[in-house]
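Q: Structure in structure tokens, see below.
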Amino acid sequence: MTGSGYPAQYREFFARYAKGEYWEAHEVLEELWQTERHNDFYHGLIQVAAIMHQAQRGKVGGMRKLAASALRYLAPYRPQHMGVDVDRVVAWLEDLLVRLPCDVKRVPPERLADYGVTKLPLPRL
């Protein structure tokens, strides 16, 4: 399926995510998810955007919590789903859970690099 075959909000999610507009990406996909509450794939991607939003604020505890739940939502969609390399997303989430300390709630955002935290690259649809 080409990118044009996906719902507009789904495509907009990836466009906003690519621009670093994580909260906006979260919000636009949440609108679609509200009409398809059973769709755990959308829910997991919403949480990925929320992780990046938390990263902008240095909220390590929130990032860990969201990574654990996003992993549960997305793992069943491996290896690929709707243009997304879910295996890659799952590996990134698992890596976050290893790298982010359990005993730290918040750090200055620029310190996240000390833990090896990187932005998850998502496709442009």
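Values quoted throughout were computed directly from the atomic coordinates according to the rules given, and no laboratory measurement underlies them. All values reported here derive from a predicted model rather than from experimental measurement. Every residue, glycine among them, receives a Cβ derived from its backbone with ideal geometry; neighbour counts consider all protein chains shown.
Q: What residue among Val98, Phe14, Ala70 has its Cα farthest toward the positive end of the dipole of the chain, where the charges are +1 on Lys, Arg and -1 on Asp, Glu, each on the Cβ?
A: The residue sitting most towards the positive pole is Val98.
Q: Further question on the same structure: Select from Ser4, Asn39, Ala50 the residue farthest towards the positive end of the dipole of the chain; place +1 on Cβ of Lys and Arg, -1 on Cβ of Asp and Glu, and compute about the Cα centre.
A: The residue sitting farthest along the positive end of the dipole is Ala50.
Q: Oh, and also: Placing unit charges on C-beta atoms (Lys and Arg positive, Asp and Glu negative, everything else neutral), compute the dipole magnitude of the stretch 1-46 about its Cα centre in debye, rounded to 20.
A: 160
Q: Given R₀ = 22 Å, what would the calculated FRET efficiency be for His38 paired with Gln80, taking r from the Cβ atoms and rounding to 0.05?
A: 0.65
Q: Only helices at least 18 Å long along their own axis, judged from Cα atoms, and with Kyte-Doolittle mean hydropathy of 0.0 or greater: name those in the chain from DSSP H.
A: Taking the DSSP H segments of the chain (at least 18 Å long, mean hydropathy at least 0.0), we get 40-56, 60-74, 86-99.
Q: Here's another thing I want to ask about it. Under a point-charge model restricted to the Cβ atoms of Lys and Arg (+1) and Asp and Glu (-1), what is the dipole moment magnitude of the stretch 17-83 relative to its Cα centre, in debye to the nearest 20?
A: 440
Q: Among 48-55, 84-91, how do they line up from the highest to the lowest mean number of other beta-carbon atoms within 10 Å? Mind dumping the intermediate values first?
A: Values: 48-55: 23.2, 84-91: 17.1.
Peptide ranking by packing, descending: 48-55, 84-91.
Q: Oh, and also: If you take P(r) over Cα pairs in 10 Å bins from 0, in percent from the coordinates, which of (i) 13, 40, 32, 12, 2; (ii) 12, 43, 33, 11, 0; (iii) 14, 47, 31, 7, 0 do you get?
A: Checking each listed value against the structure points to (iii).
Q: Under a Cβ-only charge scheme (Lys and Arg +1, Asp and Glu -1), can you give me the dipole magnitude of the chain about the Cα centre, in debye to the nearest 20?
A: That gives the chain a dipole magnitude of about 320 debye.
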